[in-house]
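Heads up, the thing below is written out as structure tokens.
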Amino acid sequence: MVVLPVKKGAVNIKPSKIVAVGRNYLAHAEEMGSSVPEKPVLFLKPPSAIIGPNSTIILPPQSRRVEHEVELAVIIGKKAKNVEIDSVMNYVYGYTIILDITARDLQAEAKKKGLPWSVSKGFDTFAPIGPRIVPRDDIDPSSLHIWLKVNGELRQDGNTKDMIFSVPFLVSYISKIMTLEPGDIIATGTPAGVGPLENGDFVEAGIDGIGTLKERVKRI
Ligand code: MG
């Protein structure tokens with residue numbers, strides 16, 4: 001079980017689902033050779049993929065290319081169904097960092113065949129989160145520096161102001177498709193600079209006002 005600190009204590013991270021947004025930064029859509037979406041591209045990651053801070057991302061034998069994607073994670077605080085944008089922030093509990101770890105070779109194969117991406121996104125340990133949860137009112141999700149380093153080398157360096165679909169828009173949009181339960185996580189997409197992870201790597205990922213999430217990488 002993953003427990004993350006909040007202002008006055010700690011919370012268990014046990015979402016009913018992780019809703020992830022694909023291609024939400026123009027420069028990342030371009031680096032993937034993908035078109036810019038007219039509507040949010042959504043997929044689900046299983047809660048079984050979650051690991052906490054200072055843990056280990058496992059590279060599975062089925063993939064030869066696993067990549068990092070650093071993302072702002074929105075934690076839902078209140079059951080949200082068909083919520084309009086102007087009131088949607090009342091349903092947000094706070095924010096943390098999530099890594100949407102992706103087996104890029106398996107994703108490319110699925111995309112080519114028009115098949116779902118679940119395999120590439122769903123391995124155990126493919127959703128590191130942390131290092132803590134910051135309450136909704138303590139940071140402004142519309143303008144936060146977001147970055148990721150591998151072995152000290154800066155790979156991703158972006159700002160949430162470059163999201164194609166904003167946090168309030170995404171929460172409202174998703175709530176009109178599926179009920180968001182307290183504890184559910186929305187992974188809001190990654191900026192440019194995604195790249196491979198190798199056995200023995202040390203990953204650090206940061207967002208302004210949240211902190212730095214640190215993970216090791218191991219191939220099995
Ligand atoms: Mg992603």
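Points worth noting:
- Cα shape, the stretch 114-176, gyration tensor, a/c 1.5 rule: oblate
- Fraction of accessible area attributable to carbon and sulfur, the chain (%, probe 1.4 Å): 51
- Gain on full stretching of the segment that runs from K14 to L44 - 0.36 nm per residue minus C-alpha separation: 9.3 nm
- Ranking Y91, A73, V2 by how far each Cα lies toward the positive end of the dipole of the stretch 2-219 (charges on Cβ) leaves V2 at the top.
- Packing-based ranking, highest mean first, of 118-130, 5-17 given that Cβ atoms within 10 Å are counted: 118-130, 5-17
- Assigned charges on the beta-carbon of Lys, Arg, Asp, Glu; the chain dipole about Cα centre (debye): 700
- Based on the convex hull around the alpha carbon atoms, the stretch 2-219 presents an average projected area of 10.7 nm².
- Within the stretch 2-219, percent of DSSP bridges classed antiparallel, to nearest 5: 80
- With the simple model of a label 7 Å out from the Cα in the direction of the Cβ, D86 to D208 spans 2.8 nm.
- Total lysine pairs under 19 Å (Cα atoms) in the stretch 39-188, excluding pairs fewer than 8 apart on one chain: 13
The values are calculated or read from the model by the stated rules, or taken from the named source; none is laboratory data. Computed from a predicted model, the values in this text were never measured in an experiment. A quick note on method: Cβ atoms are made from the backbone with ideal geometry, for glycine too, and the neighbour counts reach across all protein chains shown. Quick note on the areas: whole protein, heavy atoms, side chains included, nothing else; ligands and nucleic acids left out. Shrake-Rupley method; radii C 1.70, N 1.55, O 1.52, S 1.80 Å.
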